[in-house]
Each structure stands twice: as structure tokens, then as C-alpha cells.
Amino acid sequence: MAYVPTQKQREPPELPCNLRIEVDRISNLPGHIIDKILSHLSLRDAVRTSILSTKWRYKWITLPYLVFDNQSVLVSAQDQTLVKNKLVSIVDHVLLLHTGPIHKFKLSHRDLQGVSDIDRWILFLSRGSVKEFILEIWKGHRYRLPSSIYSCQKLIHLELFNCLLKPPSNFNGFRSLKSLDLQHITMDQLAFEHMISSCPLLERLTLMNFDGFTLLNIHAPNLLFFDVGGVFEDVSFRDTFHLAVVSIGLYVNTGNERNLSFGSSGNLIKFFACLPHIQRLEVQSFFLKYLAAGTIPGKLPKPCVDLSFLSIRINFNDIEENLAALCLLRSCPNLQELEMLARTEDQAPSRAATNTAENFQSFPFNQLRIVKIVGISGIRQELYFINFLLANTPVLERMTVKPASMDGGWELVKELLRFRRASMHAEIIYLDP
């Protein structure tokens, strides 16, 4: 005789109504909302959303933005071979499962060296429509980019770190590229010039710590932003009439003995010839010495009427650099903010330390409101400059002075308080070093 239970079997408790509603909300979110949520997660967290529900399980494989960095790929091992194999396995797995277009691909893991597997990944991407490619090799020698990277004609942003670039002879540039960031790269002179001139839509260009070329010949009609820092011999612009933001640092002292090919006009006039609409300029490291080579006019032939911010790193003991800085100031009638950074390592007296007050003839800066002077030591040439600025800035609101050390700080304060101010509202702020 079969056993018939006399008591109703216990059923599992039902989820509270509000909890079921919350689960259903997550599962039934519109597709574009899910995509938006995934776009704000690291790749690692995006993959982990596959446990939320069946609808979420394979959502991550359609992500158009793939970022493999230390945040999204956690690898804990001391053996570099194990680290490399695990990283390669992760990238391979993601690319194998991925469906749909890849718009952004970033590979920037601190433990990844230049490996041949990267060639495969770039070849795979070149067959699609990747628009943003970022490759940062943090260890080992320069990684030589495969030729397939140069066929990525949908690229809008390209960013490379510690790479060797040798474009093929039939390379005609990146026709859609708008932003190019090259740091710690090697490239020969002709290849560099050809690449820049063959990117007709290029708007942003960053160059840092490069070798293989020393002449920065920039031909980019749509360029708006230019940031460069490194060792080079010369810089020239052609058809860069839209260029608005420039930050440029020369990392070695050029010296006064080099015979640069600036001709009779000098580097100042040549440098600004194709920068009629520059709005922001940062002269870093030893670049002011480069600008001071050759003839230094009292003012540029054409004023920089759009320039509102100017930052200059200067050796106040060098009369040519002083004159170059004064030329720049007199050529910027609408300058609103000025920053002067003293190069303290160059402050030893020299023949150029004969700077006198006649170089600082009265010249009004009718728009200058903010001045910041950093790293000074209270020498005469620095005080001349401060006195000159205070006496010729009728709308000055604030001058901030920060010396290089505490030595002579009180004497410097007394000098600053003694100077006459053209602006009744000017505030002088002294900051301790």
C-alpha cells in the first residue's frame, strides 16, 4: 500500500513581493540602460554582471569599449612568465567571445611587456572599425608596432607609450585621426613628418620623450592643441592658423654657441608666424633660451591678440631670456594671467647678469589681472621684473610670490611692499616655499 502523506508538503517560502519586483526591474531594464551601466564599469566588473540574470549573462560580450589595465585585470604572481600567460589568456578569451564592433581598445597593464601576442590582437582589430586605440608598454624595450596598425583607417584617437613606429612605404596617414599621443617612442624624421602631415583632421598632438627625429616640423591645418616635451633642435609650424593651446618644453640647455638656422629674424618671430590665434602658451624647461636665439625684437610684428594665459620658465640672470620674455609680454595686449617660474639651477652670475632698469621701459598691460611668480631668490633681475609688472598693470587683482627657499624671505617681503602699484586693488600674496 502506497504511503499517502496526511500533511501538505512544505513549499519553499515565496520571495517578498517588493524583492521580486526589484529582481524583475534589473532583468527587464531596457537594453540601452544596461549598455549605459556596463559602460561605467571596469571590464572585470562588467563580466561579473553575467550572474545577475539570464538576460545579463552575455551582455558584456557586446561591449564596444575594452580596457585591459591594472584595475580591470587583476594578476597576482611573482613569476613574470605566469603573469604574461595569464594576461594573454584573459585578452584572448575576451576577444574570442566578443561580438559586435569594438570602438575602443586599451592595453595598459603594468606587468605586460611587448609580446608577439599583441600583433595578433592588433591584426584582429584592424579588420574591424576600432576608433580609439591605446597601447602602453610599461616594461622592456620599445615594442615595434606591426604593419596592421597602419590600416586602422577608422581611428580617431591613437595613444602609444614605449613603441617603435616604422610605417610601411605605402602608408598614407590616418585619414580620420583627430588626436595623437606619442610618448617614449622611436621614429625616424621623414616618417614623423609624413605621419603628421597625412592626418588632415588632426586636432590634438602630444609628443613626449621621443627619439629618432630632432626637427619638429608641424604641418597640421586643423591642429588646436600641441603639447611637446623632449630633446629637439628646432620647431616650426606650417598652416597651423587654428592652433590655440601650446605647451612646449625643451629638456636640455641649448647654449648660446649653437648656430641655429633662424636667419636674421630670430626664433621668436619664426615661432609665432603661424600662430595668429594662440590663446594659451606654456614655455617650459629651456625653451625660452631657444626663443631668445637670434634677433629679439621689442615686440612681435603681429601681436598675439587672443593670448590670455602665459606661463614662462625663465633664468632671470640671462639677459637674452629677459628680453625674450619682455617681447612676449609686450606682444600680448589681452593677456589676463601670467605665470613666471624661475630656473634656480641657472641662477649663477654670468656675463648676462648686467640686466638694468632701462630694459623695463613703461608699457601698460591693461588686461592683466593675475600674476604668479615662483622659485625666485630675491636677486636684482627678479625684483626688476616684479617692479615692472606692478607698475604697469592698472587692473591687477592678485600677485602671488613664492620664493625658492626661506633664505632672505623677510628682505624680499620688504622689497615687495616698497614697490609702487598701478592698481589700487592689487593684492600681493607671499607664500612660504
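Rolling a 1.4 Å probe over the protein chains gives residue 384 an accessible area of about 60 Å².
Straight-line cross-link reach from residue 106 at under 18 Å between alpha-carbon atoms covers these aspartates and glutamates, not counting any fewer than eight positions away in the same chain: 45, 69, 92, 117, 119, 132, 136, 159, 181.
Suppose accessible area is computed on protein heavy atoms with a 1.4 Å probe; arrange 157, 93 from highest to lowest.
Details: 157 35, 93 100 Å².
The ranking, largest first, comes out as 93, 157.
Under a 5 Å amide H cut-off, with hydrogens placed 1.01 Å from N, residue 293 pairs with 267 among residues at least 5 apart or on other chains. Each residue was assigned an accessible area with a 1.4 Å probe, and for residue 421 the value is about 90 Å². In a reduced charge model with +1 at each Lys and Arg Cβ and -1 at each Asp and Glu Cβ, the range 357-433 shows a dipole moment near 200 debye about its Cα centre. Karplus-based coupling profile of the range 279-295, in residue order and whole Hz: 10, 9, 9, 10, 9, 10, 6, 9, 5, 5, 5, 4, 5, 7, 6, x, 5, with θ = phi - 60° in 6.51 cos²θ - 1.76 cosθ + 1.60 and x standing for Gly or Pro. Sequentially through the range 316-333, phi angles give Karplus couplings (6.51, -1.76, 1.60; θ = phi - 60°) of 5, 7, 9, 5, 5, 5, 4, 5, 5, 5, 5, 4, 4, 4, 5, 9, 10, x Hz, Gly and Pro residues having no value and appearing as x.
The range 79-128 and the range 150-228 have Cα centres lying 23 Å from one another. Extending 7 Å from Cα along the Cβ direction at residue 414 and again at residue 42 yields two label points whose distance is 5.8 nm. Computed with a 1.4 Å probe on the full set of protein chains, the accessible area for residue 138 sits at about 80 Å².
For residue 372, the residues 5 or more places off, or on other chains, whose built amide H falls under 5 Å of its own are 338, 339, 340, 400.
Which of the lysines could a cross-linker bridge to residue 302, judged by Cα under 16 Å and excluding same-chain residues fewer than eight apart? Cα-Cα hits under 16 Å: 270.
For the range 367-419, relative contact order (Cα pairs under 8 Å, six or more residues apart, normalised by length) works out to 51 percent.
Taking amide hydrogens as placed 1.01 Å from N in the peptide plane, the amide H of residue 144 sits under 5 Å from those of 164, each at least 5 positions away in sequence or on another chain.
The values are calculated or read from the model by the stated rules, or taken from the named source; none is laboratory data. In this text the structure is predicted, and so the values were computed from the model without any measurement. When we count neighbours, we look across all protein chains shown, and the Cβ atoms used for this are built from the backbone with ideal geometry, even at glycine. The protein model used for the area step is the full one, side chains on, heavy atoms only, and it has no ligands, DNA or RNA in it. Shrake-Rupley method; radii C 1.70, N 1.55, O 1.52, S 1.80 Å.
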